Structure formats: C-alpha cells, structure tokens
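The values are calculated or read from the model by the stated rules, or taken from the named source; none is laboratory data. Small disclaimer: the values here were computed from a predicted structure and weren't measured. Cβ coordinates were reconstructed from backbone atoms using ideal geometry, including for glycine residues, and neighbour counts include every protein chain displayed.
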Amino acid sequence: MGLVGQAKLAYNLPHDVIEEPCMTKALEEAFREASALPAVEQDALAELIKAEIASEEEWDKAFAASHDVLERLADEALADHRAGRTTPLDPERM
C-alpha cells in the first residue's frame, strides 16, 4: 500500500472517496519547507513524490484487476478452514 492509501487509512477515509483536487494545509507547508532546499534536493524530492503517486496508481489498477482472483483464493481458504485443513498460526514459530 502506498502513501496515499496509508493516509486514507490513518485519517479513516474510504478508498473510493472522490474529492475535488486541492492542496491541504499540511502539503502546502511541506512544499513551502521543501522550497528552501537546494535545487538538486528539490528535484530528488519531486521524483520521489511522482514515483509514489505512480506506484499508488499501479497498485490500485493491479488490485482492481485481481478482484476475481482474490475472491476465489479467499473462498478456497475459507473452505479449507471449514474442512479442518488449516492450522492456527503461531507467531512465535515464524
């Protein structure tokens, strides 16, 4: 999950919330602080932000495209559990 998804979870926002594009106060402040950095660091930060946004978009596409597969795997896992073919997970033994 990318930063956008993590932020939605942290602020308890649904993933399908559609909002008008705007810049939050927190992002404005971060950009204001970043504008004081040397140009090379600003460019590096810009590339990181763009890469994170692209990653989030790819994750969303991949997850949307895998819904049927994930549903089938979940059904199989539940069937295995109900049939007694699973064992409790012991974190101490991992």
TODO: Give 58, 29, 20 a once-over and let me know the one that is out of contact with any Asp or Glu (no Cβ under 9 Å at 6 or more places or on another chain) and modelled with pLDDT of 95 or more.
DONE: 29
- [ ] Of all residues in region 51-94, count the ones that are exposed (fewer than 10 other Cβ atoms within 10 Å of the Cβ) and in a loop (DSSP other than H, G, I, E, B).
- [x] 8
- [ ] Scan region 39-55 and report the pairs whose first residue is touching a residue at least 24 places away in the same chain (Cβ under 8 Å) and whose second residue is part of a helix (DSSP H, G or I) and of a type outside the set (Gly, Ala, Ser), with Cβ atoms within less than 7 Å and a gap of 6+ or a chain change.
- [x] 52/3
